[in-house]
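Participant: Got a structure for you, questions after.
The values are calculated or read from the model by the stated rules, or taken from the named source; none is laboratory data. Small disclaimer: the values here were computed from a predicted structure and weren't measured. Neighbour counts run over all protein chains shown; Cβ positions are idealised from the backbone, glycine included. For the accessible areas, the whole protein counts, side chains as well, though only heavy atoms, and no ligand, DNA or RNA atoms are used. Shrake-Rupley method; radii C 1.70, N 1.55, O 1.52, S 1.80 Å.
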Amino acid sequence: FPWPIHFPGTPEHRQDSPDSEVHRQTFFFPDLHNKLNCVQGRNYESWMLEDGFPEHYLFIDGDECCDKWYPTETNCPDSEPAVNPEEEHAAWYADPYPNAGYFFPDFTVSSCGFGTDYPSWFGSNGYEKWYLFRTASECCTKYFPTSPNCPYEDQTSYEPGYYWESYQNDLPNDSDAYPVIRNDTFYPDISAGTCVNGTDYPDWMLSDKDFERMYLYKEPDGCCKFWFGEAALLPCMNSIIQGVYVNGTNSNTTDSDIEAERLTKWYPAIKGNNCRNDQDMP
């Protein structure tokens, strides 16, 4: 690991900042995945700077952000910074250099740990928004709300180091101890009032980056919250529809296969005020 060369470690001394972050202005912006609150900083997602988005996502005044995005949140804006959009940029944002510890879920003990020894995939490809947290309460509330011992370590009691040092020391590559990373996709089915787990979504949901961000999710709660609201979260989560994975586990699935799969499902018959499974749905 390269040692820091840009002392004293403050942003104005870091000439190796990510190209996308150079000369960024500080704004209040909604943290849509992690805190679900407005935060202040320069580590907002890059698409918030694209045409048409800044007026809705970037604010000079924190109250304007709160009024638009979280009007019922009494603790808005949040005083803590957001998790970085990409954790490889942490060295640029963190003080002091080179990195900052995060609270993260440790599923082996059903509690949240703290430090930089989280699994490496927690901090890449967008997973940091779901697995890395600035405060213990955010991590514990999301993953272990009933745990009496959460977190089990914090800034004063953790062992520095990397994930493979404290959790996976000298384990073979085929060891069962390595986590299974699910690659689910969820999209809303408005008529069903819930989300579908599969990749048999309409092509137009993937035709544009904005559509993809709005309609396709890696976690069911994100899909349910956005499309059906907090009040309908539990019913939505309990009624997730199992769709078809066209690419991946079912890579050879054809359109006719998908149609045949759908014909086996139940559907509401409004005229008869009942549910039917007669393959005669509209």
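Participant: Quick one: in the range 64-86, of everything that is open to solvent by 90 Å² or more (accessible area, probe 1.4 Å) and of a type in the set (Asp, Glu), which residue is farthest from Arg24 (Cα to Cα)?
Facilitator: Filtering the range 64-86 for residues that are open to solvent by 90 Å² or more (accessible area, probe 1.4 Å) and of a type in the set (Asp, Glu), the one farthest from Arg24 (Cα to Cα) comes out as Asp67.
Participant: While we're looking at this one, here's another question. Which pairs turn up if I take residues in the range 37-63 that are farther than 16 Å from Val83 by Cα and look for partners that are assigned to a loop (DSSP other than H, G, I, E, B) and open to solvent by less than 10 Å² (accessible area, probe 1.4 Å) with beta carbon separation below 8 Å, at least 6 apart in sequence or on another chain?
Facilitator: Tyr57/Tyr44; Leu58/Tyr44
Participant: With the checklist (1) within 27 Å of Trp121 (Cβ to Cβ); (2) exposed (fewer than 15 other Cβ atoms within 10 Å of the Cβ); (3) modelled with pLDDT of 90 or more; (4) over 18 Å from the mean Cα position of the chain (by Cα) in hand, flag the one item Asn238 doesn't pass.
Facilitator: Tallying (1) within 27 Å of Trp121 (Cβ to Cβ); (2) exposed (fewer than 15 other Cβ atoms within 10 Å of the Cβ); (3) modelled with pLDDT of 90 or more; (4) over 18 Å from the mean Cα position of the chain (by Cα), Asn238 fails exactly one: (1).
Participant: Here's another thing I want to ask about it. Please verify whether the range 129-138 includes one or more residues that are open to solvent by less than 50 Å² (accessible area, probe 1.4 Å) and farther than 20 Å from Ala82 by Cβ.
Facilitator: No - not one qualifying residue is present in the range 129-138.
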